[in-house]
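The structure under discussion appears below in the form of structure tokens.
The values are calculated or read from the model by the stated rules, or taken from the named source; none is laboratory data. Values in this document were obtained by computation on a predicted structure and should not be read as measured data. Cβ placement follows ideal geometry from the backbone for every residue including glycine, while neighbour counts extend to all protein chains displayed. Side chains are part of the model used for accessible areas, which takes the heavy atoms of the whole protein and leaves out ligands, DNA and RNA. Shrake-Rupley method; radii C 1.70, N 1.55, O 1.52, S 1.80 Å.
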Amino acid sequence: MLSLPIEYYLVLSAVVFLIGMAGVLTRRNAIIIFMCIELMLNSVNLTLVAFSQYMGDMAGQILVLLVMTVAAAEAAVGLAIVLSLFRNKQTVYLDEINLLKW
Amino acid sequence: MALQTVLFSILAAMAVISALMVVTRKSPISATMFLVMHFMTLGGLYLTLHAQFMAVIQVLVYAGAIMVLVVFVIMLLNLGKEESLSDRVTSRESISVGLAMILGGVVIYAFTRGLHPASTVAKEIVNRNGTIEAVGKALFTTYVFPFEMVSMILLAAAVGAVVLTKRHLA
């Protein structure tokens, strides 16, 4: 049984990664930027799983598990930061948040 | 063979379209729903790679746990639509899309026609065994130390989330 060339998966994940990157750079809503970061993490996961399966090495899938755990931790902490920002500034739009601007 | 190609094309098209929707929707809740759809299609793509366990985890952890958290926060904050400031940020948007395009071109070139194109390294799927057994064996033998370390990350994140959302801290 022939399988697809690995480039299919790699190009797809590159396209999704740059969609996510464009989102991070253009959007202002902190939660949507957070979701775009998740998009980028997931496209890298796709690359890792593809290489893991095409080269017969489980290390890639273990790394994906670790990335997912870190993403879950990032979700918890990031959303907590967004919540406390909203409590203090009543906004989640990043260009209205300039506490560190000197 | 043909079935594999058809399946991949459908899933890839759905993944790209839902990713575009996540980036372009004004209302955060519909962006979230498109992100859930994107995670589902990624689970399907993992299945075409014979990585069953990864597909299950993708749906459970991402589409289940993480997105529920995001939806909760959106509900708590009661966010409306992002007002269109497109005329103010138009130069920023075009510059960033251009930068993303350049990066994407470089990455795709490196993957397909660079010095060592990926297809010369890996020709076809060698590992058809992405079951929980194979993953678990690797996880609890070779990679047991990173596995334990990840539990520390989760503990730190749980404590950090509680501390950050506490109203009166010291």
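Some points to look at:
- Value at 222 nm in deg cm²/dmol, rounded to 500, when DSSP H runs of n ≥ 4 in the protein assembly as shown each add -39,500 (n - 2.57): -24500 deg cm²/dmol
- Label-point separation in nm, residue A:98 to residue B:133, each point 7 Å along Cα→Cβ: 6.2 nm
- Note on segment A:6-96: percent of Cα-Cα distances in each 5 Å bin, starting at 0 and stopping at the bin with the largest distance, equals 3, 14, 18, 19, 17, 12, 8, 5, 3, 1, 0.
- Probe 1.4 Å - accessible area at residue A:67, Å² to nearest ten: 30 Å²
- Ordered by solvent-accessible area of protein heavy atoms (1.4 Å probe), largest first, the residues B:119, A:13 come out as B:119, A:13.
- Given a 1.4 Å probe and the protein chains as shown, residue B:92 ends up with an accessible area of around 90 Å².
- Only the Cβ atoms of Lys and Arg (+1) and of Asp and Glu (-1) were treated as charged; on that basis the dipole of chain A about its Cα centre amounts to roughly 440 debye.
- Zone of residue A:59's modelled label, taken as backbone nitrogen in segment B:120-156 under 12 Å from a point 7 Å along Cα→Cβ: B:143
- Sorting A:11, A:49 on solvent-accessible area from highest to lowest, probe radius 1.4 Å, gives A:11, A:49.
- Between the beta carbons of residue A:81 and residue B:101, assuming R0 = 30 Å, the FRET efficiency works out to 0.50 to the nearest 0.05.
- FRET efficiency, 1/(1 + (r/R0)^6) with R0 51 Å, evaluated for residue B:163 and residue B:115 via beta carbons: 0.60
- Accessible area of residue A:19 in the full protein assembly, 1.4 Å probe (Å², nearest 10): 20 Å²
- log10 of Debye I(q)/I(0), alpha-carbon scatterers only, for the protein assembly as shown at 0.14 Å⁻¹: -1.04
- Phi angles of segment A:23-36 translate, via the Karplus equation with coefficients 6.51, -1.76, 1.60 and θ = phi - 60°, into HN-Hα couplings of x, 4, 7, 9, 7, 10, 6, 4, 5, 5, 4, 4, 5, 5 Hz per residue; Gly and Pro are given as x.
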